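Engineer: Please find one structure pasted underneath; my questions will follow.
Bear in mind that the values in this text are calculations on the coordinates, not laboratory data. Bear in mind that the values here come from a model prediction, so they are computed numbers and not experimental data. Heads up, the Cβs are rebuilt from the backbone with ideal geometry, glycines too, and the neighbour counts pull from every protein chain shown.
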Amino acid sequence: MATASSSPPAVSGGSAATDSETLRKNQILSSKLYFDVPLTKVPVIYSSSYDIAFLGIEKLHPFDSSKWGRVRGFLIRDGVLDKKRTVEPVEASKDDLLVVHSESYLNSLKSSLNVSIIVEVPPVALLPNCLVQKKVLYPFRMQVGGTVLAAKLAKERGWAINLGGGFHHCSAESGGGFCVYADISLCIHYAFVRLNISRVMIIDLDAHQGNGHEMDFANDSRVYILDMYNPEIYPRDFVARRHINQRVEIVSGTRTDEYLKQLDKALEVAGHMFDPELVVYNAGTDILDGDPLGLLKVSPDGITSRDEKVFRFAKEKSIPIVMLTSGGYMKSSARVIADSIVNLSKKSLIDLEKAPVKI
């Protein structure tokens, strides 16, 4: 069932809130996450640092921790992407992360035990924190840098795809579900300040509810959240659900045709409810049939159709769009993502061959 509502404007908390906003603005303005990218590059963002591999521990988690590099590899081998033309981001620094996260939360990540709980790999708790920082948290901070930069590129080129990111279970004060940093929230706050954007739509089509960004933008009228998720699985965050503008609940076992029909209806409603200046699309592939955690039954072709519908929604309204790959817990996900990106290129919804024209 889909429901739609409008969030009230954010309420100021007085001088303390003003001071906090001033500090946040200054941190954003001094950040190095935004940088000029030559037009010879295409707005596909990736770093080899995204992929997580150390001591075989990553194999204990259901998530394919080399998915991001394999997506890029497929695109290169398919002849649709020149590896020299992809964009490499920079690592999000502590000051960058403090734009959203609290000092206390970031300090908690100095404990290997706390990190192991968030990424759901118990052996991580036994490792020295220096190794956890280098082999687990550094890759995530690189992906955060990619998500933040993607908004700038999308504004300039009309679209951008970060082959990582989409950590939608992480909020300012809490991580979970393999999500350590709130890259979606960071991306949007940077866009507010650096891109002079005041209205953002999050289209979250990962199988799981995006409770992190929902808590971060609770009652913030600048952000409209369309979340289409399976309510029967993690995180079952009923508090965060109150902050979803447009909730579309898809039960376990939902198949491709029904899923796409519900998406068509949802996008039509969203287009009437809100007029965004930027779309952040969380394109998880854990809706795939057979995914052990998503429990939906959408086909690979269904993923391709889903992504095409979202990109077409943005293009027809001339809205810049950022795509993040988010969840997807099978080895087959990387090939499905690559095939979908190829389709977007074939349908002229993105251009992987020449420098796009600013919209």
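Engineer: Determine the gain in length on full extension of the stretch N196-E353; use 0.36 nm per residue of separation and subtract their C-alpha separation, reporting nm with one decimal.
Structural biologist: Values: separation 157, 0.36 × 157 = 56.52 nm, distance 2.87 nm.
Result for the pair: 53.6 nm of gain on full extension.
Engineer: Around K134, what is the net charge, scoring Lys/Arg as +1 and Asp/Glu as -1 over all other residues with Cβ under 12 Å from its Cβ? If you can, show how the numbers build up before the last one.
Structural biologist: Values: positive: K135, R141; negative: E91.
The answer is +1.
Engineer: State the Cα centre-to-centre distance between region 203-255 and region 14-35 in whole Å.
Structural biologist: Measuring centre to centre over Cα atoms gives 27 Å.
Engineer: Taking 7 Å along the Cα-to-C-beta vector as the label spot, tell me the D257-K346 distance in nanometres, rounded to one decimal.
Structural biologist: A separation of 2.3 nm, rounded to one decimal place.
Engineer: Are any of the pairs K84/K152; K25/K84; K25/K134; K135/K297; K110/K155 more than 31 Å apart by Cα-Cα distance, and if so, which?
Structural biologist: Pairs exceeding 31 Å: K25/K84; K135/K297; K110/K155.
Engineer: How would the chain be classified by its alpha-carbon gyration tensor: rounded, prolate or oblate, with rounded meaning a/c under 1.5 and the a/b versus b/c comparison settling the rest? Walk me through the intermediate numbers first.
Structural biologist: On the way: a/c = 1.14, a/b = 1.05, b/c = 1.08.
It comes out rounded by the Cα gyration axes.
Engineer: Taking 22 Å as R0, compute the FRET efficiency from the Cβ-Cβ separation of L131 and L106 and round it to 0.05. Don't jump to the answer; show the numbers that get you there.
Structural biologist: On the way: r = 18 Å, r/R0 = 0.82.
For L131 and L106, the calculated efficiency is 0.75.
Engineer: While we're on this one: In the Gaussian network model of the chain, springs joining C-alpha atoms below 10 Å, which of S20, S49, S171 carries the largest mean-square fluctuation?
Structural biologist: Comparing S20, S49, S171 in the GNM, the peak value goes to S20.
Engineer: Using only DSSP helix segments of four residues or longer, with each worth -39500 (n - 2.57), what per-residue ellipticity at 222 nm results for the chain after dividing by its residue count and rounding to 500?
Structural biologist: Values: 13 runs with 139 residues, N = 359.
Rounded to the nearest 500, it is -11500 deg cm²/dmol.
Engineer: Here's a follow-up. Identify the GluC sites (Glu not before Pro) of region 109-217 meeting these criteria: DSSP loop state and at most 15 other C-beta atoms within 10 Å of the C-beta. Could you put the intermediate results ahead of the total?
Structural biologist: Numbers: sites: E120, E156, E173, E214; in loops: E120, E173.
Qualifying residues, ordered by number: E120, E173.
Engineer: Quick one, could you list the DSSP H helices from the chain stretching 27 Å or more along their long axis (Cα atoms) with average Kyte-Doolittle hydropathy of -0.5 or above?
Structural biologist: Numbers: long enough: 138-157 (28 Å, -0.10).
Sorted by number, the helices that extend far enough and score high enough are 138-157.
Engineer: Turning to a different aspect of this structure: Nearest 5 is fine: what % of DSSP beta bridges in the chain come out antiparallel, could you say? Intermediate results must be reported in sequence, preceding the final value.
Structural biologist: Working: 4 of 31 bridges.
Percent antiparallel among DSSP bridges in the chain is about 15.
Engineer: Once you have a ≥ b ≥ c as the square roots of the Cα gyration tensor eigenvalues for region 173-322, tell me rounded if a/c is under 1.5, and otherwise prolate or oblate according to whether a/b is larger than b/c.
Structural biologist: On the way: a/c = 1.78, a/b = 1.23, b/c = 1.45.
Oblate, because a/c is 1.5 or more while a/b does not exceed b/c.
Engineer: Moving on. May I ask for the distance between the Cα centers of region 285-350 and region 162-190, given as a whole number of Å?
Structural biologist: So the separation of the two Cα centres works out to 19 Å.
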